[in-house]
Structure formats: structure tokens, C-alpha cells
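Asker: My structure is below; once you've seen it, I'll send some questions.
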Amino acid sequence: MEYELSDFGKRFAGKIGIAELMDDLGSALSADPAPLMLGGGNPAHVPEIQEIVRQRMVRILDQPGEFERLIGNYDTPQGSAPFLDALTNLFNREYGWGISPENIALTNGSQNAFLSLFNLFAGRFEGSPKKQIMLPLTPEYIGYNEVGMESDFFQSRKPHIEHLDNSFFKYRIDFDTLSIGKEVGALCLSRPTNPTGNVVTDEEVERLRTLTRSAGVPLILDNAYGAPFPNIIQAEITPVWDENIVLCLSLSKFGLPTLRTGIVIARKEIIRLVSRMTSVFSLAPGSLGPALALELVQKRRYYAGKP
Ligand SMILES: Cc1ncc(COP(=O)(O)O)c(C=O)c1O
């Protein structure tokens, strides 16, 4: 006998792109020899990073009581306080954003942050029509697709394709087709993007900032591969944040994907909501990722070229 599934349950019973991708990637890695992953999924194992993280783990183990505290106490739903302080200092020193720890929340991976954020800004609204998340440039990260808890959750725009020399081309946002109607609750884009590696330019981001600000909706920037860490990015770009931007970062592509640490930087009201959602979904974010990355962030040892 099969149990009858709720509408919510049925959402997860059908085809889910990100589930298939994660299954495929996991199975491929169990092959011997494992293939070299040049596409999505697990980041490269960089021996130098792994050694630094290992040394930090050894120091935690050697310090009396530190390991026990780390594995034995939940953090608050907002996440590890020393890590929030270290991130605040980092972004203020590096970019002068003037944020405080109340502007940052940790999540169990940035995938979880998108679940919270997208459903905060799109879906049903009491007394007014449904709203959608707009993806202003496709192709876009497959993992967003099933995150909406309502049907018909997204609208997206095709790129303007600029043809360059030697058969190269660049995806650009087609601003001619981009108007933010009342049915849009937020815009989201990954920068650099998965799967194409395209990096939306500073000028395009500036135009999006102006458009979202005048439409009164947040601009969600997915910085899973961007600066200052993991900095898997060839283009010269300026990381930006203001009260209308929700910036999402992750420790995954830095080399700690299994520790599930996402970072959201946003205005304080949004951070409070994201933290409360974390408390409902999973009580608290994991503590190990923040503990292992703490000294790297404090000492700003997160990418080549920085002391
Ligand atoms: C563009 C992008 N955003 C977000 C994520 C989610 O990463 P995590 O949940 O490990 O932080 C990924 C993972 O591949 C990604 O490619």
C-alpha cells in the first residue's frame, strides 16, 4: 500500500534536476579511478587548502575543551558569533560596507539560504496576486529550480549573446526585455554563474541595482564562486553590497562542501527572518565549517595574493 502524499510531498516525488545531478556526481566519484570533475559539483581538492584546514583541526583538538565545546553546543540560529564578527571585520576592511554582525546569518549551505530567501519574497501574498523570483539571465544554476514552495515560482529572461573573436561569445543581460513588474518579488543571479562560468559585469550589476531599488524588490546575488572567497573568477569585478542587496556566500567551493556553511549578508530584518527560518528547519547552522574557517577569515588568508 502506498501512502498518499500531500501536494508538498508530491513536489519531491517527481523529477528534480538538482537531486539527479547530485546523485550522478556522487556515483561518479565512487568509480575507480574517479573522473576529474571539470563541471558542477564537488570542488577540487586543493592540497594546500586541505593542509591549512587540517592544521586548524589539529589545533582545535589540542586545545583542552575546544573540540568538546565545538561538537557539544548548538550555535544560535544566526550562527557562530566569533565567525560572524570575523566576517563583519573582513567585509568592512576589504570593501568598506559598514555592516555589523546583525547583517549576517549562517545557513546549512547556501542552498538552504535560497530556500529561505526565495520563499520569503515569492509565493502567495495575502490580499494580492502571487509573486515570482525573476532570474534576469539564463542559463542559471539548476539548484534554484525546486526551491520554490509554490508552482509557477520563477520567471526568467534569455540572454543577449554577444559574439566575440575566435568563436567566443558572452552572455549579457538583455535590458531591453527586462522590466520588473508587480508580480516580481525579488531578482536573483549567480555571479560567476553555474553552469556557464559567465560573470555579469559591474555595469550590469549597477543597472540591476537601480532597477530593483526603484521597483522596491531585493537583488539576491549568489556569490558561491565569487570574491573574496573562493574567488574562482577570472574577471575583474567589484563585490558590492547595500541595504537592497542580499549577498549569499558559501564555504563549499573554498573546499569545505561537506560542512554545509552558507553565509547571507542582508539588511537586519531579513537576517532576523532567515535566522528564524533556520531555527525551524534545522535549529541551528552547523558549527564545524565556521570553526575551521575562523582563523583564515580573521587573518584574511583566503585567496592567493593576499597576506
Ligand atoms: C551557483 C551556486 N549557488 C549555490 C550553490 C550551493 O552551494 P552550497 O549549498 O554548497 O553552499 C551551488 C552549488 O553548486 C552553486 O553552484
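The values are calculated or read from the model by the stated rules, or taken from the named source; none is laboratory data. Here the structure is a predicted model, which is why all the values come from computation and not from measurement. In this analysis, Cβ positions are derived from the backbone assuming ideal geometry, glycine residues included, and neighbour counts consider all displayed protein chains. What goes into the accessible areas is simple: the full protein's heavy atoms, side chains included, and nothing from ligands, DNA or RNA. Shrake-Rupley method; radii C 1.70, N 1.55, O 1.52, S 1.80 Å.
Asker: Specify which residue in the list G96, Y144, S252 is farthest towards the positive end of the charge dipole of the chain, using unit charges on the beta carbon of Lys, Arg (+1) and Asp, Glu (-1), about the Cα centre.
Answerer: Highest projection toward the positive end goes to G96.
Asker: Could you sort 153-159, 190-196 so that the peptide with the highest average Cβ count within 10 Å comes first and the rest follow in order?
Answerer: Working: 153-159: 16.3, 190-196: 19.7.
With the highest mean Cβ count within 10 Å placed first, the list reads 190-196, 153-159.
Asker: Under 1.5 on a/c is rounded, so check that first for region 82-296, then, if it is not, pick prolate when a/b is larger than b/c and oblate when it is not; a ≥ b ≥ c are the square roots of the alpha carbon gyration tensor eigenvalues. Walk me through the numbers on the way to the answer.
Answerer: Values: a/c = 1.62, a/b = 1.17, b/c = 1.39.
Oblate, since a/c reaches 1.5 and b/c is not below a/b.
Asker: Let me check against my output: what whole-number percent is the relative contact order of the chain, with C-alpha pairs under 8 Å and at least 6 apart?
Answerer: Details: 487 pairs, mean separation 73.0, N = 307.
For the chain, the relative contact order is 24 percent.
Asker: On a 1.4 Å probe surface of the protein chains, which of I104, I161 comes out largest in accessible area, and what is the full order? Please list the in-between numbers first.
Answerer: Working: I104 0, I161 75 Å².
Order by accessible area, largest first: I161, I104.
Asker: Only helical DSSP H runs with n ≥ 4 go in: add -39500 (n - 2.57) per run for the chain, normalise by residue count and round the 222 nm mean residue ellipticity to 500 deg cm²/dmol.
Answerer: Numbers: 9 runs with 108 residues, N = 307.
Calculated mean residue ellipticity at 222 nm is -11000 deg cm²/dmol.
Asker: Rank these by accessible area, largest first, 1.4 Å probe: R56, R267, R276. Show your work: numbers first, answer last.
Answerer: Values: R56 25, R267 80, R276 170 Å².
The most accessible residue leads, giving R276, R267, R56.
Asker: Also: Tell me which of F169, T261, P35 sits at the most positive position along the dipole axis of the chain, charges placed on C-beta atoms (Lys, Arg +1; Asp, Glu -1).
Answerer: Ranked along the dipole, the leading option is T261.
Asker: Sort V280, V246 by heavy-atom solvent-accessible area, probe 1.4 angstrom, most to least.
Answerer: Working: V280 120, V246 0 Å².
Output order, biggest surface exposure first: V280, V246.
Asker: At most 16 other Cβ atoms within 10 Å and a DSSP loop assignment: could you name the chymotrypsin sites (Phe, Trp or Tyr not before Pro) in region 228-307 that fit?
Answerer: Numbers: sites: W241, F254, F281, Y302, Y303; in loops: W241, F254, Y302, Y303.
Those satisfying the criteria are Y303.
Asker: About the Cα centre, and with charges only on the beta carbon of Lys, Arg (+1) and Asp, Glu (-1), how big is the dipole of region 82-296? Nearest 20 debye, please. Numbers along the way, then the final one.
Answerer: On the way: 19 positive and 23 negative charges, 93 e Å.
With only Lys, Arg, Asp and Glu charged at Cβ, the dipole is about 440 debye.
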